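J.: Have a look at this one before I ask anything.
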Amino acid sequence: MEEQKTNMFIPALIGGGIAGVLSGIPIMNCLCCLWIIGGGIAAVFFLNKESPRPLTMGDGAVVGIFSGLVATAADFLVSIPLAPITNKFIANLMERFAQYADEMPSGWETWLDKGAAETHISLVLLGVLINAVVFSVLGALGGIIGVSLFKKDKMKQGEKDVIDVSKDSTTVKDADNNQS
Amino acid sequence: MVEKKIFRIVFIFTLVGVIGWLALIFIAPFLRSLDIPANSFIYAIFSPICHQNPSRCFYLFGYPLAVCTRCLGIYFGFFLGTLIFPVVNGFKSKRAPKNLIFFIFTVPIVIDTLGNMFHLWQTSDWLRYVIGFIWGTLLPYYFIVGISEFIKEWVIHRKV
């Protein structure tokens, strides 16, 4: 199991890293949650290439959760240097928002000026925590979809390969059940 | 027996979760209309997973919902998909939808998103909503099945 977890780390790092960076860039984030789901799918794609046995949906969910956590960290790290650009982007959005909204809340212009400088560290941490939960759920969804997409080819290959039963008998049993 | 129980529990949690998620989307503009500061917090929850471009949002009480029309469609689709999950799946099938079905449901959202992203065309809000909705209806059939399998494999079997 420990070996399996270690094997999942690199794919999760790649999938989650790409997804987190892309979702953190203001212009690129128009794909919304699709980046994080895509990151989970990508992580499973890489794991599937390396895995000696057919992946189960549980594996997909786990690697997806890991990729979601990596994406959270990447998104947070990217958001720090990009903060000035993001603020400008938000300012543009707010201007457009003003055109569309009937009434703006009092003092919304100054709210932007206060910006990140007055953001309390506890609020930042809370934001990261919420991100981690949401990204993990979306990553898990991506991971499960990824297993469903890539499993078939691996199954064919898995039938040819002899699986070492002694290593992980429970999972092999499950894989057999799924095949039947 | 245990598997079916896990299936049902995951289904209930997913249904409750998506209802809560949708409620937050609608509560945000309501709170903003009342000038209650908590509205910013709710908008902030959704900001990492949605661009929240006001020109691409539906409005309530004079303010945009917490997510864009496409995301709203995905979440409402997810809600409907979850709601009809017991009828379609019957808590029996442990298989995810076939790849062909996934591609049929996914191609519209991919084409539309890329087309809009590269300014090839501009889709109306309602069409974005519908395209998101179509894709969203498929997702619970991965999520509920996959999370049930995850709990079975990684939580229950590891304990035994």
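J.: Any residue in the stretch B:108-119 that is closer than 10 Å to B:I131 by Cα sitting within a Cβ distance under 8 Å of a residue that is in a loop (DSSP other than H, G, I, E, B)? List the pairs, counting only those 6 or more apart or interchain.
T.: These pairs meet every condition: B:D112/B:T123.
J.: Right, something else. If I filter the stretch B:146-156 for residues that are under 19 Å from A:W35 (Cα atoms) and at pLDDT below 95, do I get at least one hit?
T.: No, because not a single residue in the stretch B:146-156 is under 19 Å from A:W35 (Cα atoms) and at pLDDT below 95.
J.: Looking at B:R128 and the list (1) assigned to a helix (DSSP H, G or I); (2) basic (K, R); (3) at the interface with chain A (Cβ under 9 Å from one of its Cβ atoms), which single condition is not satisfied?
T.: Among (1) assigned to a helix (DSSP H, G or I); (2) basic (K, R); (3) at the interface with chain A (Cβ under 9 Å from one of its Cβ atoms), the lone unmet condition for B:R128 is (3).
J.: So B:W121 clears everything in (1) more than 10 Å from chain A (Cβ to nearest Cβ); (2) in contact with a helix residue (DSSP H, G or I) (Cβ under 6 Å, 6 or more places away or on another chain); (3) assigned to a helix (DSSP H, G or I) except one condition, right? Which one?
T.: (3)
J.: Of all residues being within 11 Å of another protein chain (Cβ to nearest Cβ) and modelled with pLDDT under 95 in the stretch B:75-99, which is surrounded by the most Cβ atoms within 10 Å (Cβ to Cβ)? Just the residue, please.
T.: B:A96
J.: What residue, among those in the stretch B:32-74 that are under 23 Å from A:L141 (Cα atoms) and of a type in the set (G, A, S), is nearest to the other protein chains (Cβ to nearest Cβ)?
T.: Residue satisfying both the conditions and the ranking: B:A44.
Matching residues to (1) farther than 27 Å from A:A132 by Cα; (2) touching a residue at least 60 places away in the same chain (Cβ under 8 Å):
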site	(1), (2)
B:I49	no, no
B:R56	no, yes
B:P64	no, no
B:L72	no, yes
B:N89	yes, no
B:I104	yes, no
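J.: Working carefully through the options B:F143, B:F105, B:F79, B:F150, find the one that is assigned to a helix (DSSP H, G or I), in contact with a Leu (Cβ under 8 Å, 6 or more places away or on another chain) and under 21 Å from A:G58 (Cα atoms).
T.: After ruling out the rest, the residue left standing is B:F143.
The values are calculated or read from the model by the stated rules, or taken from the named source; none is laboratory data. All of these numbers come straight from a predicted model, not from anything done at the bench. Cβ: placed from backbone, ideal geometry, glycine included. Neighbour counts: every protein chain shown.
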